[in-house]
Amino acid sequence: MTISPLMPVYPRCGVRPVKGEHCHLIDEDGTRYLDFASGIAVNLLGHSHEGLIKAIQNQASQLMHVSNLYGSPQGEKLAQQLVDATFADTVFFTNSGAEAVEGAIKAARAYHQNAGEDGDAERFELITFSNAFHGRTMATISASNQTKMHHGFSPLLKGFKYAEFDDLESAKALMGPKTAGFLVEPIQGEGGIRPASDAFMKGLRALADEHDLMLVLDEVQCGVARTGKIYAYEHYGIEPDIVATAKGLGGGFPLGAVLATEKAARGMTFGTHGSTYGGNPLAMAAGSAVMDAVANPEFLASVADKGERIRTRLEQFIGNYPELFELVRGKGLMLGIKMKVESRPFFVHLRDNHQLLTVAAGDQTLRVIPPLVIGDEEIDEFFEKLSAGAASFKVPEPA
């Protein structure tokens, strides 16, 4: 058997997009798909946002890459936008979400170990949580308790302990002299659109304050206006020490970042971290265009409003198919429909037979993560396709 030119690590489907128009993708054969997947929560401004496209085109015509050996007016601009909009005092730019989480892990360890006379080299463990997804690098798969992600990549990196998600007592039980902090998604994405409770997030913040630990949030999927707030931590009335962000931050252009307070970044000094491509002018232009579009009260309110309207209609809709659907959860335009059967066959059915793109997730959940710029027309089309899909879906027979 001859291996394909594209390394076969993805079970790619038959949809082959060649063009995007607002909230639709167009296949090479001309088939139109309503995109409520957004490239897995990436294309938050859709596929033809004039401001984003113009910013990338203009910057590409001037300067794309110079490395971090030089000053960065473009990076300084986006970093200031993020600092102004969040808890953070400082920002490190990456190319992906996994790199952002890696940087966040390093910052949390460095907070304890690179603190001069106050440093503690023994404090390197992060408490993470069940069903989390933090990326595909060695550190980020080690931070997950999912054995399916570990298979074939042993030995894992040391320094991670797994508690039960949304269970504060489970986290407390794992704390010890080696604990450096907590790493958690405020809303689990791959794990099934599972928001953490208010008590859990406030409890982690209190434990971190009491024991001088780092509260590190993975907001790669739930950040950048996706939930109706710039970052999801705002829903909980707390501030983290470190946040990893990516996906929507570039609106489709590869871009991630580590956000941190001045205190949390105390160990990230000259030479401790770096990236050749991270913060390149082209990515910075994309990120600034995204922040220009989303970091204002009117846009955030529109996301929250559209999310609530879709949630209300979904909750009414699923009652028509009690054999298929159980509940709806999530915040803003990061919604999940928990099913009573495996979600993947239904996700495939919607895609192949009704030209509706969604994303399957853990816990038998169908992710509904559309571009944040959807309007009433796209919402109505979504429900038409979802209704037709549910009516025509045949539950697979048990194996």
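Structure summary
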read-out	value
Relative packing of peptides 221-234, 304-317 - highest average C-beta neighbours within 10 Å first	221-234, 304-317
Residue with peak Gaussian network fluctuation, the chain [Cα springs, cutoff 10 Å], from 60, 37, 143	60
Kyte-Doolittle mean at least -1.0, axial Cα span of 27 Å or more - DSSP H helices of the chain	297-318
Over the stretch 29-134, volume per residue of the alpha carbon convex hull, in Å³	202 Å³
Two-decimal ratio, the stretch 210-307, of alpha-carbon radius of gyration to 2.2 N^0.38 Å	1.17
Mean separation of Cα contacts under 8 Å (6+ apart) over length of the chain, as relative contact order %	23 percent
Residue among 353, 261, 388 farthest towards the positive dipole end of the chain, charges placed on Cβ	353
Cα gyration tensor shape of the stretch 283-399, rounded if a/c is under 1.5, else prolate or oblate by comparing a/b with b/c	prolate
Counting DSSP beta bridges with both ends in the chain, the antiparallel % (nearest 5)	65 percent
Dipole magnitude of the stretch 329-399, debye to nearest 20 (Cβ charges: Lys/Arg +1, Asp/Glu -1, about Cα centre)	420 debye
Qualifying chymotrypsin sites (Phe, Trp or Tyr not before Pro) in the stretch 3-109, DSSP loop, other Cβ atoms within 10 Å at most 16	70
Residue-normalised accessible area of the stretch 310-371, expressed per residue, 1.4 Å probe, Å²	36 Å²
Around residue 339: net Lys/Arg minus Asp/Glu count, Cβ-Cβ under 11 Å	-1
Over 30 Å (Cα to Cα) - which of 148/229; 77/385; 178/331; 247/306; 54/263 fall in this group	148/229; 77/385; 178/331; 54/263
The stretch 144-186 and the stretch 309-359: distance between their alpha carbon centers, rounded to Å	30 Å
Under 16 Å from residue 158, Cα to Cα: aspartates and glutamates that are on another chain or at least 8 residues apart	102, 122, 125
Estimated Rh, the stretch 105-183: Kirkwood, alpha-carbon pairs, angstrom	13.1 Å
Prolate/oblate/rounded call for the stretch 127-286, Cα gyration tensor, a/c under 1.5 rounded	rounded
Test item: Cα-centred dipole of the chain, Lys/Arg +1 and Asp/Glu -1 on Cβ, debye	780 debye
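The values are calculated or read from the model by the stated rules, or taken from the named source; none is laboratory data. All of these numbers come straight from a predicted model, not from anything done at the bench. We place every Cβ from the backbone using ideal geometry, glycine too, and count neighbours over all the protein chains shown. Surface areas here come from the heavy atoms of the whole protein model, side chains and all, with no ligands, DNA or RNA. Shrake-Rupley method; radii C 1.70, N 1.55, O 1.52, S 1.80 Å.
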